[in-house]
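Data first, discussion second: the structure below is written as structure tokens.
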Amino acid sequence: MEQVVFQGKTDEVEFSQVIRDYEYSMVDRHFHDTYELYYLLEGQRYYFIDRQTYLVKAGDVVMIKPNQIHKTSMAEESYHNRILLQIDGQALDPFLRACKMGGMETVYSGDAMILTIPESERPDIESLLFQIQKEMKEKQRQYEVGVRLKLAELFLTLLRSQKRAPLLEEKQKVQTWKHQKVHEVADYLLNHPETEESLEELAKRFYISKSYLSRIFREVTSFTVNEYKNINRIKKSQQLLVHSTYSVTEISDILGFENLTYYERVFKKYTGMTPLKYRKIKT
């Protein structure tokens, strides 16, 4: 069963609280240009970020930066209760800078940020989250300002918590053989987006069978190997479109796409626009 406790949004943030008690795994290909804040109220979840899987428990905060690949899936038990915020960094940045907080890049300073909140501090975090929910639900006069203020207070609380308790990423990495093997393959593809190796060639590189690699990669990441490879190619091409003078055709060749038409089709699939339009918007 799935219970949507609350959904609401302003111009800067979308907020949702959902409770599930079945074997739910995200099927959406999560790759977007918003910041994400995930707080687990109850239960346990596996959380795949970029190339590594982490075990997230009640009281943990997961902070995802724009364009990070991520996905949650079932850990030991199906029941979980989570709060999810999708935040438009460009829209919220001016307010945070006015508050002398340095903007979203300061708040989201790490690569994969998983913060375990001490039990004594969880009521403060949860209170702020539920106050944001209340502002959105009741929509009193200037409630959008109330949401911004509570978000800023939440970020301040998390920044202070980071200084008192280091991020527990190493401890929370899932160390099963299956997850470690997928991490090795994902790490290779993340660092070699231009590779033209086939699934069979990748399997040989990592000393496993083609069918087994295909199966465990999808189980852990929700992507096929080819989808994951293409996403990393698109992420790299976004950088080249903004920070280089290479033509779209040259970028397609550099990243090993079969041809320009295929590159443009894949780019549009994951970004909703053509490479030329992306370059025009971002530069």
* Asked: Relative to the present Cα-Cα distance, how much length would full extension add between residue 144 and residue 173 at 0.36 nm per residue of separation?
  -> 6.7 nm
* Asked: If one computes P(r) from the Cα atoms of region 90-161, what percent of pairs lie at distances over 14 Å?
  -> 63
* Structure fact -> Using alpha-carbon coordinates alone, the radius of gyration and Dmax of the chain in Å work out to 20.0, 62
* Surface share of carbon and sulfur [accessible, 1.4 angstrom probe, percent] for region 1-143 -> 42
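Calculate, for the chain, the solvent-accessible area per residue in square angstrom, rolling a 1.4 angstrom probe over the heavy atoms of the protein chains.
That works out to 51 Å² per residue.
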* Measure nothing but the geometry: give the 0 to 90° angle between the long axis through the Cα atoms of 210-221 and the longest principal axis through the Cα atoms of the chain, rounded to 10°. => 20
* Counting each DSSP H run of 4 or more residues in the chain as -39500 (n - 2.57), what helix-only mean residue ellipticity at 222 nm follows after dividing by all residues, to the nearest 500 deg cm²/dmol? -> -15000 deg cm²/dmol
* Please give, to one decimal in nm, the separation of the simple spin-label points placed at residue 209 and residue 95, each 7 Å out from Cα toward the Cβ. => 5.4
* Using alpha-carbon coordinates, inclination of helix 260-271 to the longest axis of the chain, degrees -> 10
* Structure fact -> region 99-135 and region 204-238 have their Cα centres apart by a whole-number Å value of 32
* Structure fact -> So the angle from the long Cα axis of helix 89-98 to the longest Cα principal axis of the chain, reported in degrees to the nearest 10, equals 40
* To do: Could you tell me the accessible area of residue 149 in Å² (1.4 Å probe, neighbours in place), rounded to the nearest ten?
  => 90
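The values are calculated or read from the model by the stated rules, or taken from the named source; none is laboratory data. Here the structure is a predicted model, which is why all the values come from computation and not from measurement. Positions of Cβ are backbone-derived with ideal geometry, glycine not excepted, and every protein chain shown enters the neighbour counts. Please note that ligands, DNA and RNA were not included when accessible areas were found on the heavy atoms of the full protein model with its side chains. Shrake-Rupley method; radii C 1.70, N 1.55, O 1.52, S 1.80 Å.
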